[in-house]
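The values are calculated or read from the model by the stated rules, or taken from the named source; none is laboratory data. What you are looking at is a predicted structure, and each value in this text was computed from that prediction instead of being measured. All Cβ positions, even for glycine, are placed from backbone atoms using ideal geometry, and neighbour counts span all protein chains on display. These accessible areas exclude ligands, DNA and RNA; they are computed on the full protein's heavy atoms, side chains included. Shrake-Rupley method; radii C 1.70, N 1.55, O 1.52, S 1.80 Å.
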Amino acid sequence: MSSAARSSSRAGEARSAGREESERILSGPVAVCVDRPLLSLDRDFTYDLSDDLGAGVGSLVQIPFHGKLVRGWVLGPTDDRPARTLKVRKLVSAVRFFDETMLDLLRWVSGRYVAPLASVIARSHPPRVASEEIAWESGGAGSGGHAVRFPASARPLGGPRLASYGSGLEMLAAISEGTGAFVVRPAPEDEVSVALESVGAAVMAGRTALVLVPEAEPMPATAAAVQNTFGDTVAVFLGGSKRERYRMWLDIRGGRYRCVVGTRAAVFAPVPHLGLIFVSRESHAMHREERSPYYHVRDVALTRASLIGGACVMSAMCPSLETTAVKHKAVEPQERRWPAVEVVRPGPEGRAPRLVSALKSARRAFLFAPLPGYGVARVCRACGEPAACAACGGLVRAEEGRIRCAVCEVDGLCANCGASDFGIARGGAERVEEWAGRIASVPVRRIGRGEAPRPVGGAEILVGGIEAVKDFDLAGLDLVGILDADLAARRPGLAARGRALASWMEAAAWARPDGRVIVQTAHPNDAAVQALVAGKPERFHRAETPRLAEAGFSVGAPVFRVVGRTGLEAQLGALRPKTLLVSAFENETVCLVALDPGDIAFFGRTMRVLAERGVVTRVEAEPHL
């Protein structure tokens, strides 16, 4: 038996023993997480559990709490028994919603993102549908499901693409053994193949795989390829009704599938024998949860892989700056394969002569126009004052035949005189569609407001912004034009330039193998532009790292937005954070705090104490800056 097989066997025995331990019935004093997602109540409560209830770690139970019957999750036995201990009233569900290993991950998320454990547990699985539990149990899945094997014809033999990558074979070996963290920067034509070979390596080693994609609609090419390659043994955990999602979660828990493909919530999916967590398009903004506990898939995936003894692979053509702060092995092609990128200065309304010339002969093209609408209102023609929304003072834009506020979306009226006649500075995706349509020899179409993104058709030029750049596995475009590249530097947010570069690189990849990429910019030596030209993000990362440090938000430093009452600033200042920025909104104090990574635990304990005192009302981790 090989060392990898022996390692896999030992890991399987350990997981089996852990599963039996997690399924055991508990009695006596147990710690319970009360289903009240408040930071001020974020602690374990002790209850007396009778063994005839059949409950254990992860069980959903009913308990008395402050004179009411509420729900909570059993966390395990405890020695912390108060003088008066109330009894658990009943078992609500026969399903165990987590085991001890998953509980370790959930506690880590609660601590890292300073979020109530109750909110973390609630986000770790779909909303419960009791009738689906009954149907699932009657179907025989409740005993742990049945083992599923990949058909021999569906098993990737592994290695043909990754063998040509620096450290590619090392990564495949590590996946087989269930260890290590890797950042893969695939060549444009290899993005899907890298995912398939990684999943294949885990499966051949007798393990399961979890593939995380940032979006559900349209179905990413990576998700579709995994499903098509491995067939019915793949759980597609994307979208669906409440009932469908819960039934799928139950099937995953029961061992019905050997591979799970899902969006960010699937990072907690109860996949048995998990050996690989693969994060597709790691730099995508949708990998961050927008509700409490505000976690990021990248960090949770890395921690879960470490806890279970698995491998974590983060794949992106332009990995995020945050990956540079993570201990990992880089995996890249040994030979450069990137479309030729031409940098030109923008002409009137972004119509550079070289771009205009290329459009005349292009049969299939994509024009990246990040600014929506037809143009921006600059001045009120009635009173001569600068244009501003009468309702909120925001930017007024001409879009799809209407003049409306870009912020509150009400009809555009002058803040000074109430008129609706504005002078428009033309520029935006609608205007690009208009002038490109006069030049091109094929139809020019635009992804409009509310329209589903789609790939470029057989003979057309498609205009769209960041919302149009999806995982389409698209290739063979004659031309990709990046318009208004300088707009990225003017957008608010510390991460705006990084997100723009990631979108540029994904769109540029559609021009492979022989197409042209033309980027319009007045700053050709900008680090982001040069990173696009080279097809490598390292230069951009080197330039951004000191810029963020100078702004007070160093790469890898945990950041929190804390909202509270009078005295909050003094309390946070006493913690000596790396950065503390304070503002006021109505009667509340809003603070941005950047910490040293080692200070999170103490910061979290302090926030919970201040929440109990009423000083802190909200903590948001990793806010968009």
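How high is the FRET efficiency from residue 164 to residue 534, r the C-beta distance, R0 30 Å, rounded to 0.05?
Details: r = 19 Å, r/R0 = 0.65.
Efficiency at R0 = 30 Å is approximately 0.95.
Scan (1) 0.99; (2) 1.28; (3) 1.06 for the value of Cα Rg over 2.2 N^0.38 Å calculated from this model and give just the label.
Among (1) 0.99; (2) 1.28; (3) 1.06, the one calculated here is (3).
Treat each spin label as a single point 7 Å out from the Cα along the C-beta direction, and report the residue 329 to residue 173 distance in nm.
Result for the modelled spin labels: 0.7 nm.
Under 14 Å from a label point 7 Å along Cα→Cβ of residue 135: give me every residue in the range 243-257 with its amide N that close.
Residues passing the 14 Å test: 243-251.
Please give, to one decimal in nm, the separation of the simple spin-label points placed at residue 625 and residue 486, each 7 Å out from Cα toward the Cβ.
2.7
How much length is gained on full extension from residue 612 to residue 411, taking 0.36 nm per residue of separation minus their Cα-Cα distance? Don't skip to the end; give the middle numbers.
Values: separation 201, 0.36 × 201 = 72.36 nm, distance 4.42 nm.
That works out to 67.9 nm of additional length.
Pop the C-beta distance of residue 193 and residue 363 into the FRET formula with R0 = 30 Å and round what comes out to the nearest 0.05.
Working: r = 27 Å, r/R0 = 0.89.
After rounding to 0.05, the efficiency reads 0.65.
Run the reach check for residue 327 against lysines, Cα to Cα strictly under 25 Å, same-chain hits fewer than 8 apart removed. What comes back?
Once the sequence-local lysines are set aside, what remains near residue 327 is 536, 578.
Can you classify the range 271-349 as rounded, prolate or oblate using the Cα gyration tensor, where a ≥ b ≥ c are the square roots of its eigenvalues, rounded means a/c under 1.5, and otherwise it's prolate if a/b beats b/c and oblate if not? Working shown, then result.
Working: a/c = 3.11, a/b = 1.68, b/c = 1.85.
Because a/c hits 1.5 or more and a/b fails to exceed b/c, the range 271-349 counts as oblate.
I'd like the carbon and sulfur percentage of the solvent accessible area for the chain, probe radius 1.4 Å, heavy atoms only, ligands and nucleic acids excluded. Mind dumping the intermediate values first?
Working: 13380 of 26940 Å².
Taking all protein chains in place, the chain shows 50 percent carbon and sulfur surface.
Residue by residue through the range 360-366, which ³J(HN,Hα) values in whole Hz follow from phi under the Karplus form 6.51 cos²θ - 1.76 cosθ + 1.60 (θ = phi - 60°), with glycine and proline marked x?
4, 9, 6, 9, 9, 7, 10
Extension gain residue 466-residue 89, at 0.36 nm per residue separation less the Cα-Cα distance, in nm? Can you show the working numbers first?
Numbers: separation 377, 0.36 × 377 = 135.72 nm, distance 5.17 nm.
Extra length from residue 466 to residue 89 when fully extended: 130.5 nm.
Take residue 569 and residue 381, extend 7 Å from each Cα along the Cα→Cβ direction, and tell me the distance between the two endpoints in nm.
That separation, rounded to one decimal, is 4.7 nm.
Output the relative contact order of the range 206-270, whole-number percent, from Cα pairs under 8 angstrom with separation of 6+ residues. Show your work: numbers first, answer last.
Values: 82 pairs, mean separation 30.9, N = 65.
The value is 48 percent.
How high is the relative contact order of the chain, in percent, with contacts defined as C-alpha pairs under 8 Å that are six or more residues apart? Each step should come with its number before you reach the end.
Details: 1304 pairs, mean separation 75.8, N = 625.
Result for the chain is 12 percent.
For the full complex of protein chains and a 1.4 angstrom probe, list 296, 273 by accessible area with the highest value first.
Numbers: 296 30, 273 70 Å².
Output order, biggest surface exposure first: 273, 296.
Taking a 1.4 Å probe, which of 471, 232, 99, 299 shows the most accessible area, and what order do the others take after it?
On the way: 471 10, 232 130, 99 65, 299 35 Å².
Accessible-area ranking of 471, 232, 99, 299, largest first: 232, 99, 299, 471.
To test your reading of the geometry: what angle, between 0 and 90 degrees and rounded to tens, separates the Cα axis of helix 168-177 from the longest principal axis of the chain?
Around 20 degrees separate the two axes.
If r is the Cβ-Cβ distance from residue 351 to residue 306 and R0 is 56 Å, what FRET efficiency results, to the nearest 0.05? Could the numbers behind the result be given before it?
On the way: r = 52 Å, r/R0 = 0.92.
Between residue 351 and residue 306 the formula returns 0.60.
Using a 1.4 angstrom probe on the protein heavy atoms only, line up 505, 102 by accessible area, largest first. Can you show the working numbers first?
Working: 505 0, 102 25 Å².
Ranked from most to least accessible, the order is 102, 505.
Using only the alpha-carbon atoms, how far is helix 191-204 inclined from the longest principal axis of the chain? Give it as 0 to 90 degrees, nearest 10.
Between helix and principal axis, roughly 20 degrees.
Using a 1.4 Å probe, what is the accessible area per residue for the chain, in Å²? Can you show the working numbers first?
Details: 26940 Å² over 625 residues.
Accessible area per residue: 43 Å².
Using 0.36 nm per residue of separation minus the Cα-Cα distance, give me the extension gain between residue 542 and residue 523 in nm, one decimal. Please list the in-between numbers first.
Working: separation 19, 0.36 × 19 = 6.84 nm, distance 1.76 nm.
Full extension from residue 542 to residue 523 adds 5.1 nm.
May I ask which residue of 166, 234, 482 lies farthest towards the positive end of the charge dipole of the chain, with charges of +1 (Lys, Arg) and -1 (Asp, Glu) on Cβ and the Cα centre as origin?
The one lying farthest along the dipole's positive direction is 482.
What is the range 459-533's relative contact order, in percent, from Cα pairs under 8 angstrom and six or more apart in sequence? Walk me through the intermediate numbers first.
Numbers: 75 pairs, mean separation 31.6, N = 75.
Over the range 459-533, the number comes to 42 percent.
What's the center-to-center distance, using Cα atoms, between the range 83-113 and the range 498-536 in Å?
Between the Cα centre of the range 83-113 and that of the range 498-536, the gap is 47 Å.
Considering the zone a paramagnetic label at residue 551 would reach in this model (a point 7 Å from Cα along the Cα-to-Cβ line), which residues of the range 584-613 have amide N under 19 Å from it?
591-597
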